[in-house]
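Worksheet for the structure shown next.
All of the numbers you see were taken from the coordinates with simple rules; none came from a lab. Given the structure is predicted, the values throughout are model-derived calculations rather than measurements. Here Cβ is always computed from backbone atoms with ideal geometry, including for glycine, and neighbour counts include all displayed protein chains.
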Amino acid sequence: MSSSQPPTGMLSYPDRSTRLMLVGLFQVLLGGLCALFAAMMVAVSMMGPVAQAQQGQPMNRQAMVFGLVFYLPLAVGFTWVGMGLIRARRWAWTLTVVLSWMWLVMGVIGFAAFWLVMASSSFRAVADQGKLPPGAVAGMQVFTGAFMGCFYVVLPGTLLLLCQRDSVRATCERRDPKIPWTDRAPMPVLALSLFLAFSALSMVSLMGYGVMPILGFLISGVAGKAVILLIALALACLAWGVYRLRPAAWWGTLALLILGTLNAVIMFATTGMMSMYEKMDMPADQLEIIRKSGMVESMARWGPWMGLGGGIVWLGYLLYVRRYFIASGKERAA
């Protein structure tokens, strides 16, 4: 991810307006796809009570809330950025590059984690549940691998390949010379701020479950929702402070990272994942699938190491961007 100043000699670069328009249209289509997924969540939530009442099962409304909170912001975000890219806006170019890098890095990590830790147990559970022949399971593995590879790696990689070029950036700067809000912070800092904001939104989506593991203990009910809300507010404040290059926000993010890493390691090592799922009021059939899949055992074995490894990676990134906060602090003190 580049944090350099805008390239000089913009007039020497060819115009990339057509490319910007095509990439923008593609992002608008992605936004429409996310909106369709959100609408499907609503439809399932409306039809679910009837079907589940016939089977004597409670409605799992929390999953629907989680899906809506996840897909609706994606739909709005893709459409908003795509329309900006069609108009060759500088903020849209910056967001496309920053978010594509975030998407790619987290996608590669998620793709590798799934196939190394959860894939074998998940497919085995599906095969046992549906009594599927080995050929069908192999086909599911190929389809899942291709889909995840395209969504997590190929799509963000393609966006970066098309957009992260000086000629594309120069086209946006020629057509939109005014400095936007995205350029008021270095791109690595903007990425950290957006990640904190997305984390706050993710915490809000967990309000429907109302269950939060804290250092080996499960806090649920009203207390759990209050803890989740406090964490979401803290993340939102840190996101704003990081964007404004406040040194205190960097230290706050470091403290939250250390606590979060410690909490993740303890959660996977000591807290029963099934206990947490049960407190989330998940349907009995879903709990049974989780029990048979072996996912809980896999996460208990690999989860602490994954949490520790993720914390180390994020610590390295925080140390990398610290120089921007040091320079900002010196400017304020001068």
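Observations on the structure shown:
- Ordering Glu173, Glu331 from the fewest to the most neighbouring beta carbons within 10 Å gives Glu331, Glu173.
- Distant-in-sequence amide H partners of Ile219 (H built 1.01 Å from N, under 5 Å): Met212, Ile214
- Applying 0.36 nm per residue to the separation of Ala146 and Arg244 and subtracting their alpha-carbon distance, the gain on full extension is 31.3 nm.
- In this simple spin-label approximation, Ser275 and Arg165 carry label points 7 Å from Cα along the Cα→Cβ vector, and these lie 5.6 nm apart.
- Residues in the stretch 183-218 that a label on Ala113 would reach, taking backbone N under 16 Å of a point 7 Å out along Cα→Cβ: 195-196, 198-200, 202-203, 213
- Length gained on full extension, Arg301 to Val154: 49.9 nm, using 0.36 nm per residue less the C-alpha separation.
- Ascending count of other beta-carbon atoms within 10 Å, so fewest first, for Leu315, Leu104: Leu315, Leu104
- Among Asp176, Asp15, the order by Cβ neighbours within 10 angstrom, fewest to most, reads Asp15, Asp176.
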